[in-house]
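Engineer: Have a look at the structure that comes next, please.
The values are calculated or read from the model by the stated rules, or taken from the named source; none is laboratory data. Remember, it's a predicted structure, so these values are computed and weren't measured experimentally. Cβ sites come from the backbone with ideal geometry, for glycine too, and all protein chains shown count toward neighbours. The area values use the complete protein model at the heavy-atom level, side chains included, leaving out ligands, DNA and RNA. Shrake-Rupley method; radii C 1.70, N 1.55, O 1.52, S 1.80 Å.
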Amino acid sequence: MIALITGASSGIGREMAKNLATRGVNLILVARRTERLIELKDEIKFNCPGVKVKTITADLSKQQQCFDLYDRVKDYRIDFLFNNAGFGLYGAFTETDLNEELTMIDVNIKAVHILTKLFLRDFTERNSGYILNTASVAGFMPGPLLATYYATKNYVVQLTKAIYEELRSTGSRVVISALCPGPVNTEFNAVAGVKSFG
């Protein structure tokens, strides 16, 4: 089995990679930070010597790099796609940086959309495969001071639910799910610039 994980350099993506490796799953790890990917690869190879690990440095805020990523791995016969790359931005909507928000939309929505569609076509053609899209409990409510982030996660939740229903209605054996964690102790708050409400 081969799993492709985006946002694999830290947080949930990193832990998922380590977990799957202990189950003997071969990995393709994708993130922007090459050094972090190499460090994770070395850790996995040390702890799970039979597991094959490939790393790909990519910036999924760039639409073309999403297509390029798919083209690089499509012949590997991926079994499990984990769309995990994403980030947030804290602050009043009138004050947060528009360019950073647009980049967030590119990563949290467009990259998920592109990769889900491209891999889902392959999965449905062979009638097997798993897609897990990282959303959040934030996807079920409005999020003052994290408005754009919450909105992007709502998109991921609703897209995933809609595709799930399409697959279910055709009797497909392809599985798609949304991972919707609450607050997790990762680098998210530091990257988002979250401050105390006190």
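Engineer: Beyond 22 Å between alpha-carbons counts as too far, so tell me which of K45/K117; K41/K110; K52/K74; K52/K117; K62/K117 fall in that bin.
Structural biologist: Values: K45/K117 31 Å; K41/K110 27 Å; K52/K74 17 Å; K52/K117 26 Å; K62/K117 16 Å.
Flagged as over cut-off: K45/K117; K41/K110; K52/K117.
Engineer: Leaving out ligands, DNA and RNA, what percent of the accessible area of the chain is carbon and sulfur, probe 1.4 Å? Working shown, then result.
Structural biologist: Details: 5610 of 10470 Å².
Within the chain, the accessible surface is 54 percent carbon and sulfur.
Engineer: For L102 paired with R121, estimate the spin-label separation in nm (one decimal), with each label point 7 Å from Cα along the Cα-to-Cβ line.
Structural biologist: 2.7
Engineer: What accessible area per residue comes out for the chain, rounded to a whole number of Å², with a 1.4 Å probe?
Structural biologist: On the way: 10470 Å² over 198 residues.
Using a 1.4 Å probe on heavy atoms only, each residue of the chain averages 53 Å².
Engineer: Take each of the peptides 101-109, 170-178, 87-95, average the number of other beta-carbon atoms within 10 Å over its residues, and list them starting from the highest.
Structural biologist: Working: 101-109: 18.8, 170-178: 15.9, 87-95: 13.8.
Result, highest mean first: 101-109, 170-178, 87-95.
Engineer: Shifting gears a bit: In Å, what Kirkwood hydrodynamic radius results for the chain from the alpha-carbon pair distances?
Structural biologist: Numbers: mean 1/r = 0.0580 Å⁻¹.
Value: 17.2 Å, from the Cα pair sum.
Engineer: A further question follows. DSSP loop trypsin sites (Lys or Arg not before Pro) in the range 1-103 with at most 10 other Cβ atoms within 10 Å of their Cβ, which ones? Mind showing how you got there, number by number?
Structural biologist: Numbers: sites: R14, K18, R23, R32, R33, R36, K41, K45, K52, K54, K62, R72, K74, R77; in loops: R23, R32, R33, K52, K62, R77.
Sites meeting the loop and neighbour criteria: R23.
Engineer: On to the next question. Provide Rg over Rh for the range 1-104; use the alpha carbon set for both Rg and the Kirkwood Rh (inverse mean inverse pair distance). Walk me through the numbers on the way to the answer.
Structural biologist: Values: Rg = 15.0 Å, Rh = 14.5 Å.
Reported Rg/Rh, Kirkwood definition of Rh: 1.04.
Engineer: Size of the dipole of the range 20-68 about the Cα centre, Lys and Arg at +1 and Asp and Glu at -1 on the beta carbon, nothing else charged, in debye to 20? Provide the component values of the computation, followed by the final result.
Structural biologist: On the way: 9 positive and 6 negative charges, 24 e Å.
Computed charge dipole of the range 20-68: roughly 120 debye.
Engineer: What does the C-alpha gyration tensor say about the overall shape of the range 95-150? Classify as rounded when a/c is under 1.5, otherwise prolate if a/b is larger than b/c, or oblate.
Structural biologist: Working: a/c = 5.38, a/b = 2.09, b/c = 2.57.
The shape class here is oblate.
Engineer: Follow-up question, since we're still on this one. Once amide H atoms are placed 1.01 Å from N in the peptide plane, what residues at a sequence separation of 5 or more from A58, or on another chain, have their amide H within under 5 Å of its amide H?
Structural biologist: For A58, the qualifying residues are A31, R32.
Engineer: Starting from the Cα of N47, step 7 Å along the direction of its Cβ; do the same at S177; then give the gap between the two resulting points in nm.
Structural biologist: About 2.1 nm separates the two model spin labels.
Engineer: Can I ask one more? Residues with amide H under 5 Å of L27's amide H, sequence separation 5 or more or different chain, H placed in the peptide plane at 1.01 Å from N; which?
Structural biologist: A3, K52, V53, K54
Engineer: Can you list the HN-Hα couplings for the range 136-146, worked out from phi with the Karplus curve (6.51, -1.76, 1.60; θ = phi - 60°), rounded to whole Hz and with x for Gly and Pro?
Structural biologist: 4, 4, 4, x, 10, 7, x, x, x, 6, 9
Engineer: Determine ³J(HN,Hα), in whole Hz, for all residues of the range 172-178 in sequence, where each value follows from phi through the Karplus function 6.51 cos²θ - 1.76 cosθ + 1.60 and θ = phi - 60°; x replaces Gly and Pro.
Structural biologist: 5, 8, 6, 10, 10, 9, 10
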